[in-house]
Every structure is written in C-alpha cells, then in structure tokens.
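Trainee: Shown below is the structure under consideration.
Values in this text are rule-based calculations from the coordinates and carry no lab data. Computed from a prediction, not measured in an experiment: that's the story for all the values here. Every residue, glycine among them, receives a Cβ derived from its backbone with ideal geometry; neighbour counts consider all protein chains shown.
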Amino acid sequence: METNGNEEVTSLYSLSCRDRRFSKHIHDNVHGNIYLDPFFLQFVDTEQFQRLRELKQLGLTHMVYPGAVHSRFEHSLGVYWLAGEAVHTVQGHQGSEINIERNDIRTVKLAGLLHDVGHGPFSHLFEREFLPRVLNGSEWSHEDMSVKMIDYIVDAQHIEIDAAILNNVKEMVLASSANASQNTVNEKRFLYDIVANGRNGIDVDKFDYIVRDSRACGLGCNFQFQRLLETMRVMGDEICYRAKDYLTVHKLFATRADLHRTVYTHAKVKAIELMVVDALTLANGELSISASIQEPAKFWKFCNEFAVPKDKQEHFKDITPQDIVCSQKNGDTPLNEEDISVSIVKIDLTRGRSNPLERFGEALLACISTSSIKFFQDYESDYKFPIRDERISHLLPAFCQDMIVRVYSKKPELVGAVSKAFENYQLKTYGMKAQVHDTPEKKKRRV
C-alpha cells in the first residue's frame, strides 16, 4: 500500500514538472513560486481578473495599517495555489480510494482562482455598507457577482471549458454563501469544502488571507495552515484532521476573530468607511473621494464603544441614531439623527454564538455527535470523531461571539454631547455603563 502511494505522489510530481514547461510562474511573498498553466492563464489574462490588482484586499484598512495595500489579485493567486496543494495532498495519499481525477483538480483550482472576481470597489464595504443604503437593503453579494463574472469571462473571451467543470466551479464559489446550491452533491462532496467550506468554515481562503493580512499589517501570526494542509484526510466524504491538531484548528478561528477585532473592524477604519459610504451615496456617478479620505479634519469622530453583554445578545435589537438622540436629557446640547452614526460589529468564530469546533447549532452539549469538524487519531484508524474543548484545555473561550456597538459624531464640536447621550442610552438599557472607559476629555473639547 505504501509503495502504491509513493508511486502516485511521484507520478503527480512528474505531471507537475511537465506542466511547468508551459507555465508562467509568479513569486508570491507568502507562498513562494506560484505556477499558472495555459488553462488558468486564459482567465488571469483578462481585464476582468486584472482589475483585482486595483482592489485592495482590506479596503480602507491601509489608512490605519499603512502596509495593508495588498490586492485581491495576489490573494486570489494564493487561494488558487493552496486549493491545488490541498487536492494534490489528498490525491497523493488517498488517490486510489477517493478517485480524484485531473478535471477535479482543475475545477478546485479554478474555483480558488476566481472566488473573489466579483468583488466591488473598497471590497466588503461596497456590498455590506454602501449597496444596502442606496438600494434599500440590497442583498447583493460578491459571491453571486463572481458567478456572473465567471460566465461573462467565459463568453466574452470565448474560453473553451467543459460545461460540467464550469457549473462545479460556480457551485464551489457559492459553497459557503447564503445562496449555496440546495442540490445535494452525491459524489466527492469533500471537494466543495476546499475553497469555501460551508460545512465547518475551514478552507484555503482563510488559510491565505489570515497569513497574508497578518503579514501586511505587521502583526504576528502563530496559525500554521501547513499542519492542516499537509495532514488532512478524507473520511466519509468529508475532510478530517488529526486529533493532535485540535489547537491548530482552534487557532484558525481565534486568529480570524482577532483580525476582525483589531484590523477589519478597527474603530478608525470603520470611521473612514462610514465617511466613504456617505461620499459614495452622494456621488451619483463620478466618485471623487480621494481628496476627502486624505483630510483628517473631515474624518468622523469616534466617540466610544461597548461590548453587548453576552446574556443580552440573543435578543439584541439594532441601535439607531434615533435611540441615541432620544437618550438625551433636558438641557443637553440638542442633537439630530444626522449628527450621529452607529456601527454594530459582530465578531465570531464563523458560527455565530456557537463553537465551530463543537457543533453547528445552538445546543452545543445536547448533540455533540453533529459536530461540524471531525478528527482522527492516526492514519491507522478509520474512525472519525468530534472533540469538545474541555477535553483539550479549560483555558479555551467559553463564549464564541462579540457584539460591539460604536458611536460616531459627524461634527467634532458634538463629540461631548454624543458621548453623553450614548452613556445615557447604556444606563437606560443595561442599568450600567457598558463601555470600558469614558470618552477622553480632549476629544470632547476638540473643535
């Protein structure tokens, strides 16, 4: 058995070497040399894919973290490469039992390459902040747009591609979105978990952006995706991981949550985003926003924030500027709703208040057999099983979601009044000030 496995790996390596004679390679600062053969270059060398060079991966985050200027282009190449590495790994070790064909490899890699091709300007800000405001609650998503863009590229560039491969690529792109195909995949379901994993959230998209974003922002990253990538195993048509790598899986979700808290939803980043959304809303066509975002005097002023108490999260109702205005007391400086912006940020481990390492759903302890992530003891065993946190460590978090409410004043002279009204709201709603500290006096006095 071991001899056959080695022969398969050697055969795969030889095929890879032959392909590289006709490939182009790009040196990536995260993964090293990335090779693109002529089939994938058909997509890369289109203006639709090349536009990703101009889309910053982290939108406006570079205004706070100057190094975060990397693009969706390089991230897409990274996911393409890791998708290939993942499918090559399971093929090399389990090729005879899971029957991965060349078209399967091509499909997974193409899904990785094109998974973000539908992103709009300013990345997630475009779909999560701007469009819902101007289109009255729009549910447009970059995943849906990616699928439409893939069809457009194929038609416009006259790319010859098997219809089944094209359909599977689009389903893989949508696999973790709200619009994932409801059709049950009866064969090789595990392939649909590599790029965008709707089952448990472990996928090569996260492998790439966690490491890439951490590096670009100058942050340390102790999550080692290589451990998971090199030892993953298909069992019962799903990808499982060694039990000894439980903490590595936990670091994946914990590092992602930390990036959301300290980078993606940084208070000043959100302030700039809210300002740009206002600019985009008013622009009506030609968007001349660069001058505004370079002028600190026009930034919205961050007043304060609080984390919603965990026992209040289940029935939490969104806070609006009207709620803050209505919390003013007689004699306070009058405020209008237009003076205030409220940002509500949810940060979790990909499964809301549930622990993705225990199960998908609410009753974590009632039905542990339905855990969304499975492990195995060693390569001699065919038994897969879930692991509960307390079996590993009592230091792991018991709660899996943060909900942060931030309030901004659009006018510097109103920071004090908005901060006071915000504190009144907390006292009225929770019977205490939920914020960690008062708004600094120097902010209140700044005009």
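Trainee: Using packing as a proxy for protection, rank 65-76, 80-91, 40-51 so that the peptide with the highest average count of other Cβ atoms within 10 Å comes first.
Mentor: Output ranking for 65-76, 80-91, 40-51: 80-91, 65-76, 40-51.
Trainee: Under the rule of at least 5 residues apart or a separate chain, name every residue whose amide H is placed under 5 Å from the amide H of Gly118.
Mentor: Ser146
Trainee: So how much slack lies between Lys433 and Leu229, counting 0.36 nm per residue of separation and subtracting their Cα-Cα distance, in nm?
Mentor: 68.9 nm
Trainee: Moving on to the next point. Using a/c under 1.5 as the rounded threshold, could you call region 29-142 rounded, prolate or oblate? The axes a ≥ b ≥ c are square roots of the C-alpha gyration tensor eigenvalues, and prolate needs a/b larger than b/c, oblate otherwise. Don't skip to the answer; put the middle values down first.
Mentor: Working: a/c = 2.29, a/b = 1.82, b/c = 1.26.
Prolate, because a/c is 1.5 or more and a/b exceeds b/c.
Trainee: Please give the charge dipole size of region 18-265, origin at the Cα centre, charges +1 on K and R Cβ atoms and -1 on D and E Cβ atoms. Round to the nearest 20 debye.
Mentor: Numbers: 28 positive and 33 negative charges, 157 e Å.
Computed about the Cα centre, the dipole is about 760 debye.
Trainee: Just need the relative contact order of region 18-265 here, percent rounded to a whole number, with Cα pairs under 8 Å and 6+ apart.
Mentor: Relative contact order, region 18-265: 18 percent.
Trainee: While we're looking at this one, here's another question. Roughly what would the spin-label model give for Lys411 and His315, points 7 Å off Cα along C-beta, in nm?
Mentor: It is 3.7 nm.
Trainee: From the cross-link list Lys188/Lys384; Lys206/Lys346; Lys317/Lys428; Lys310/Lys433; Lys56/Lys410, which pairs have alpha carbons spaced over 24 Å apart?
Mentor: Distance filter (> 24 Å) returns Lys56/Lys410.
Trainee: I'd like to know which of Leu125, Gly32, Leu55 lies farthest towards the positive end of the charge dipole of region 27-135, counting +1 on Cβ of Lys and Arg and -1 on Cβ of Asp and Glu.
Mentor: Projecting each Cα onto the dipole axis, the largest value belongs to Leu125.
Trainee: Rounded, prolate or oblate: which one fits region 18-265, using the alpha carbon gyration tensor with axes a ≥ b ≥ c (rounded when a/c is under 1.5, else prolate when a/b beats b/c, else oblate)?
Mentor: Cα axes put region 18-265 in the rounded bin.
Trainee: With θ taken as phi - 60° and the coefficients 6.51, -1.76 and 1.60, list the Karplus ³J(HN,Hα) couplings across region 382-388 in order, rounded to whole Hz; mark glycine and proline as x.
Mentor: These are the phi-based 3J(HN,Hα) values: 10, 9, 10, 7, x, 9, 8 Hz.
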